[in-house]
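The values are calculated or read from the model by the stated rules, or taken from the named source; none is laboratory data. Note that this is a predicted model, so its numbers are computed, not measured. A quick note on method: Cβ atoms are made from the backbone with ideal geometry, for glycine too, and the neighbour counts reach across all protein chains shown. Quick note on the areas: whole protein, heavy atoms, side chains included, nothing else; ligands and nucleic acids left out. Shrake-Rupley method; radii C 1.70, N 1.55, O 1.52, S 1.80 Å.
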Amino acid sequence: METLRDILDAAARGVFPPADGGTTVVPQACHRDAGVLSFTAHSVVFTDEDPEWVHATLRRLDCDALAATMNPRFLTALLDRTGRRSETIDVMLVGDPLPGEPPLALAEIEDANHPRITYARRRRDDIRAWTTEGGVLVTGRGVGGRLEVSVEVDEDVRHRGLGRALVTAARHLVAEPLWAQVSPGNARSMRAFQAAGYRPVGAEAVLLATVPRIVGGSAEDAGVTE
């Protein structure tokens, strides 16, 4: 059976699901992440819910079949059924590893309790993080076990190319394809990743599991991802 990781690894090589208007349903790779990947004329729904429920719900939508999996009504139905939360629909980008040393000086963060590492662990596993003057670079394993990157640039050094330098540097630190998720409205970030050689391959909506927080003896949804 084809897995979510199989599909992602193939997409990183430029091999995509058939552009047949169909929807493939595969199991989640872990409890933390469920969701939808949208490629050209084919979607992948990764969930542990009944595949027949997924297909039946899509058939009931009054919209273009090619857009059905990213239609707000389907995503809302999936969120309601799974009790999960979601933030946005992102563009998926991927970059190949690069040889040699990164083009800027980086110092790896060794403190496992560093705030940026603590935050990243909510969404990814096997976190590593580096700092440079004015920025932070983080990698970790996210959706389907793929290796993902995120960066932060300090406000007072923005518009100087540091974001592009950081995401370029990330490609020198890895030995496998490196994935990024960028909101379509974040044009600055999109330009930085594309200038650094990352290729857009599709769109995704990730549904995140929530962790109950105990307050005064009762469980309260803290909105924190596992």
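Annotations for the structure displayed:
- Secondary-structure-derived ellipticity at 222 nm for the chain, considering helices only, amounts to -7000 deg cm²/dmol, per-run term -39500 (n - 2.57) for DSSP H runs with n ≥ 4.
- FRET efficiency for Val157 and Thr88, using Cβ-Cβ distance with R0 set to 25 Å, rounded to 0.05: 0.45
- Among Arg13, Arg141, Arg116, the largest mean-square fluctuation in a Gaussian network model of the chain, built with springs joining Cα atoms closer than 10 Å, belongs to Arg13.
- Whether the chain is rounded, prolate or oblate, judged on the alpha carbon gyration tensor where a/c under 1.5 counts as rounded: oblate
- Two-site FRET efficiency, Arg191 against Ala10, from Cβ-Cβ distance with R₀ of 25 Å, rounded to 0.05: 0.40
- Dividing the C-alpha radius of gyration of segment 27-126 by 2.2 N^0.38 Å, with N its residue count, gives 1.44.
- Euclidean distance of C-alpha centroids, segment 177-205 and segment 141-160, integer Å: 10 Å
- Within the listed set Pro17, Pro103, Pro27, the residue fluctuating most in the Gaussian network model of the chain (springs between alpha-carbon atoms under 10 angstrom) is Pro103.
- Measuring max minus min along each principal axis, the C-alpha atoms of segment 56-175 give extents of 54, 32, 29 Å (largest first).
- Once both labels are positioned 7 Å from their Cα atoms along Cα-to-Cβ, the gap between Asn71 and Asp20 label points is 2.2 nm.
- Taking label positions 7 Å along the Cα-Cβ direction at both Asn113 and Glu176, the computed distance is 3.1 nm, reported to one decimal.
- In the context of the full set of protein chains, the chain has a per residue accessible area of 51 Å² (1.4 Å probe).
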